[in-house]
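The structure appears below as structure tokens.
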Amino acid sequence: MNLVTASAPAVSVVIPVKDDATALRRCLRALAVQSSPPDEVIVVDNASSDDTAAVASAAGARIVRCETPGIPAAAAAGYDAARHPLILRLDADSIPGATWVAAMRTRAAARPDAAALVGAARFADGPTALRTPLAIVYLGSYALVGSLTLGHLPLFGSNLGIRARAWRAARHRVHRESTRIHDDLDLAFHIGERHPIAFAWDAAVGISMRPFGDARGFVRRVRRGLSTVIIHWPADFPPVRWTKVAINRARLRHWSRRRT
């Protein structure tokens, strides 16, 4: 099944949120001044107790309510609700640059073979002197370890894109009800096995350094990463995974040559 289209697609932006209204307000302001506005913005309210819904409504976002706890469930609910061919994902504390949507649209059109996109990120808060080196270490380590585990680029929940058709093909296989995994890494397992994930280097967002301010929270994030990997074993144990990815890439190249 062909999961991608060649034209520059219409865009749905999905933002899963729980009790993060202040950060969400800043994120929605950044989306409001995009050089290429998204066609819809979906805020998934994951049973928030603050004024998340009011903030989303005031910004003109479409609100989807998700009572199942956890980011995997909330993100999946947003993807399910998206109406357009390219689904972009931000976290509430993401701050997209003014050309972010335009860059993701352009990259999607330039890579019709890619079922998903992963964008760049930088730290937008915390000590100025630490922002660049910490981003290199933190994000670089994630990209390296994720690539070795998957056999291709991982996805990054603060800045990703996925074709709606690719999501529909994977939606019943992701672990959407688990609260002990990282949904972006889980999604990469299911998307990247058969279809390329492209790096949208010019589609950058600012992200928060908040994870480094909570030692327990940081350890929890690492544990969730390990759980996400192990839950896919033995079927996706790295050598097995690499072989499957290589075979599928060869098949795609073969069929692409036949079509041309």
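The values are calculated or read from the model by the stated rules, or taken from the named source; none is laboratory data. Bear in mind the structure is a predicted one, so any value in this text is a computation, not a measurement. Cβ placement follows ideal geometry from the backbone for every residue including glycine, while neighbour counts extend to all protein chains displayed. The area values use the complete protein model at the heavy-atom level, side chains included, leaving out ligands, DNA and RNA. Shrake-Rupley method; radii C 1.70, N 1.55, O 1.52, S 1.80 Å.
Structure notes:
- Test: Ala23 is part of a helix (DSSP H, G or I) and either surrounded by 14 or more Cβ atoms within 10 Å (Cβ to Cβ) or of a type outside the set (Phe, Trp, Tyr) (or both): yes
- Considering the stretch 114-139, the residues that are in a strand (DSSP E or B) and open to solvent by less than 40 Å² (accessible area, probe 1.4 Å) include one that is nearest to Leu187 (Cα to Cα), namely Ala116.
- Among the residues of the stretch 205-224, the ones that are touching a helix residue (DSSP H, G or I) at 6+ places or on another chain (Cβ under 8 Å), hydrophobic (A, V, I, L, M, F, W, C) and either assigned to a helix (DSSP H, G or I) or within 17 Å of Asp183 (Cα to Cα) (or both) come to 2 in all.
- If you check Ala109, Ala98 for being exposed (fewer than 14 other Cβ atoms within 10 Å of the Cβ), in contact with a Ser or Thr (Cβ under 8 Å, 6 or more places away or on another chain) and over 26 Å from Asp236 (Cα atoms), only one passes: Ala98.
- A count restricted to the stretch 156-175 and to residues that are part of a loop (DSSP other than H, G, I, E, B) and crowded, with 23+ Cβ neighbours inside 10 Å stands at 2.
- Given (1) over 22 Å from Ala115 (Cα atoms); (2) open to solvent by 20 Å² or more (accessible area, probe 1.4 Å), index of the condition Gly217 fails: (2)
- Residue within the stretch 210-231 that is modelled with pLDDT of 95 or more, closer than 22 Å to Ile15 by Cα and among the basic types (Lys, Arg) present: yes
- Val240 fulfils the conditions (1) assigned to a helix (DSSP H, G or I); (2) in contact (Cβ under 8 Å) with a residue 12 or more places away in the chain except for a single criterion, (2).
- Single condition Val17 does not satisfy, out of (1) within 18 Å of Arg171 (Cα to Cα); (2) open to solvent by less than 20 Å² (accessible area, probe 1.4 Å): (1)
- Checking each residue in the stretch 50-67 for being assigned to a loop (DSSP other than H, G, I, E, B), in contact with a strand residue (DSSP E or B) (Cβ under 9 Å, 6 or more places away or on another chain) and under 14 Å from Gly78 (Cα atoms) picks out Ala61, Cys66.
- Output for the stretch 94-113, where each listed residue is in contact with a strand residue (DSSP E or B) (Cβ under 7 Å, 6 or more places away or on another chain) and either part of a loop (DSSP other than H, G, I, E, B) or modelled with pLDDT under 95 (or both): Ser94, Gly97, Arg111
- Residue check for Arg241: of a type outside the set (Gly, Ala, Ser) and surrounded by fewer than 18 Cβ atoms within 10 Å (Cβ to Cβ): no
- In the stretch 27-43 there is at least one residue that is open to solvent by 20 Å² or more (accessible area, probe 1.4 Å), in contact (Cβ under 8 Å) with a residue 60 or more places away in the chain and small (Gly, Ala, Ser).
- Among all positions in the stretch 85-93, there is at least one residue which is surrounded by fewer than 21 Cβ atoms within 10 Å (Cβ to Cβ) and at pLDDT 95 or above.
- Within the stretch 142-155, considering residues that are touching a residue at least 60 places away in the same chain (Cβ under 8 Å) and not in a helix (DSSP H, G or I), the one surrounded by the most Cβ atoms within 10 Å (Cβ to Cβ): Gly151
- Ala246 vs. criteria in contact (Cβ under 8 Å) with a residue 24 or more places away in the chain, surrounded by fewer than 18 Cβ atoms within 10 Å (Cβ to Cβ) and assigned to a helix (DSSP H, G or I): yes
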